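A.B. asks: Would you mind keeping the following structure in view while I ask a few things?
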Amino acid sequence: MHQPLPHPLRRRVRRRRRGRGAADSALTAAPFHGFLWRRGPDGSGTGVNHVPAYRPRRQDRPEELLETGAAYAMTAAGLRAARHRFFGRVLPVPADPARVLEVDDPHDLARARLLAPLLDPAPAPRTPPTPQRRTPDAMTVAPLNPRLRTLGTRIAGPGRPVYVVGEIGINHNGDLGTAFALVDAAAEAGCDAVKFQKRTPELCTPRDQWDVERDTPWGRMRYIDYRHRVEFGEADYLAIDEHCAKRGIDWFASPWDTEAVAFLEKFDPPAHKVASACLTDDELLRALRATGRTVVLSTGMSTPKQIRHAVEVLGSDNILLCHATSTYPAKAGELNLRVINTLQEEYPNVPVGYSGHETGLQTTLAAVALGAVLVERHITLDRAMWGSDQAASVEPGGLTRLVRDIRTIETALGDGVKKVYDSELAPMRKLRRVQGTLPAPAPAPAAS
């Protein structure tokens, strides 16, 4: 399935299977009698489905079908074999073009808003029932400040403790025991959460790369087989979910496709993460926005224009931006940490964090000093382990020091209000020749 499917489409596929000539895949399509043109490099037009010299009336042209993009259905076995959406006998299912509209840009959205009241009149007003909250009461504080975001039972944003994420990613190499050990290391270091990556290999791996062989710890294998080898399934994530609960640490993941979003939603995660590589995937961003959860958006390998577009697709009310440089490991000269301040100025109602891929800890601590409200670093049991992310990861001892130093920096940053501390009074009397004046101390509260 490409998207959640309307029941009529599923029924139509089942009927065709029972009838003569089974359908292997189906899509919604709208009747179309129009003329299509293609613009050339020089701006001139060429007829696509017609000869420009022959222009019959539209109603006299044979009916064609225009793919709506609203829904698709296919057999699972056929998808695995064909590796793409359309195979065997394809069944276009007619759909009312007024009621089936794919929204990809502001113009589509404007059309949908105009049509919706005509097709589905608003019901008579009624008093809505009081909704039942799924989230703890602590999460209700966040909306009071537009730059605060809820992640499970914690709140991230200015004035709050830095939310620290240990990015396990695929450093577990498909081994559940290694994943548990990394969760343990993050919990013992004081991280707020660990994060994984979730992919549907057939959707996320370019087709021309599937059969490319590569050397792995499990021998030489096709790249598509390797991608499956390092993916965890539902039973694995159930075990991870249980283990994280025992250790008192949250977990979430970066879904790389819409099927992965649906998979992760089963576990009620505190948030979702958009990997820098997925920032330009509008379909994925729309699916994540629809979950209603906080979305952490990494901005590595992206231009300001691409970032702005992604923020518009996701909406700014429930996102947390992360500055990142997508090199593994990243050079200090390319970290450009002042982009944290640039993003803060560009998006004043969006909290900004930092996703680091460098070696060492100093620059991550500098990001906290610059105002990052969330910090993410890849973690590993040993940087010498096999895997592309291991070299840019932090080992357990370094992770413990990182969290410790982040908490020290939080305390040291203070509130920005200049004052004379009580601890300074004795040195002041000893060292200052001209004492000056100080406000009188506040009177002690009367004894009750």
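The values are calculated or read from the model by the stated rules, or taken from the named source; none is laboratory data. Quick caveat: nothing in here was measured; it's all calculated off a predicted structure. Using ideal geometry, Cβ is built from the backbone for each residue, glycine included, and neighbour counts are taken over all protein chains shown.
A.B. asks: Exactly one of these conditions fails for GLU312: (1) farther than 15 Å from VAL162 by Cα; (2) touching a helix residue (DSSP H, G or I) at 6+ places or on another chain (Cβ under 8 Å). Give me its number.
C.D. replies: (2)
A.B. asks: When you check THR342 against the structure, is it within 22 Å of the chain's Cα centre (by Cα) and free of Cβ contacts under 8 Å to residues at least 12 places away in the same chain, yes or no? Give the derivation first.
C.D. replies: Values: within 22 Å of the chain's Cα centre (by Cα): yes; free of Cβ contacts under 8 Å to residues at least 12 places away in the same chain: yes.
So THR342 passes the test.
A.B. asks: Which of (1) surrounded by 21 or more Cβ atoms within 10 Å (Cβ to Cβ); (2) of a type outside the set (Phe, Trp, Tyr); (3) free of Cβ contacts under 8 Å to residues at least 60 places away in the same chain does ARG377 not meet, given it meets every other one?
C.D. replies: So the condition that ARG377 fails would be (3).
A.B. asks: Just one of the numbered conditions (1) over 18 Å from GLY353 (Cβ atoms); (2) among the β-branched types (Val, Ile, Thr); (3) modelled with pLDDT of 95 or more is not true of THR205; which one?
C.D. replies: Unmet condition: (3).
A.B. asks: Residue under question is THR291, and the condition is that it be under 21 Å from GLN344 (Cα atoms), surrounded by fewer than 19 Cβ atoms within 10 Å (Cβ to Cβ), among the hydroxyl-bearing types (Ser, Thr, Tyr) and in the same structural domain as VAL375 (by TED's automatic domain parsing); does it hold? Lay out the reasoning, then the answer.
C.D. replies: Details: under 21 Å from GLN344 (Cα atoms): no; surrounded by fewer than 19 Cβ atoms within 10 Å (Cβ to Cβ): yes; among the hydroxyl-bearing types (Ser, Thr, Tyr): yes; in the same structural domain as VAL375 (by TED's automatic domain parsing): yes.
Criteria not met by THR291.
A.B. asks: Tell me the residue from GLY159, GLY169 that is surrounded by 17 or more Cβ atoms within 10 Å (Cβ to Cβ), on the phi > 0 side of the Ramachandran plot and out of contact with any Pro (no Cβ under 9 Å at 6 or more places or on another chain), please. Steps first, answer last, please.
C.D. replies: Values: GLY159 fails: surrounded by 17 or more Cβ atoms within 10 Å (Cβ to Cβ).
Just a single option satisfies the conditions, and that option is GLY169.
A.B. asks: Residue by residue through the stretch 194-236, note down the ones that are buried (at least 17 other Cβ atoms within 10 Å of the Cβ), farther than 16 Å from HIS172 by Cα and among the aliphatic types (A, V, I, L, M).
C.D. replies: Within the stretch 194-236, just ILE224 meets the criteria.
A.B. asks: For residues in the stretch 51-67 being surrounded by 13 or more Cβ atoms within 10 Å (Cβ to Cβ) and at pLDDT 80 or above, which is nearest to THR200 (Cα to Cα)?
C.D. replies: First, pick out the residues of the stretch 51-67 that are surrounded by 13 or more Cβ atoms within 10 Å (Cβ to Cβ): 61, 64-67.
Checking which are at pLDDT 80 or above leaves us with 64-67.
Working: GLU64: 33, LEU65: 30, LEU66: 28, GLU67: 24 Å.
Among those residues, the one meeting the criterion is GLU67.
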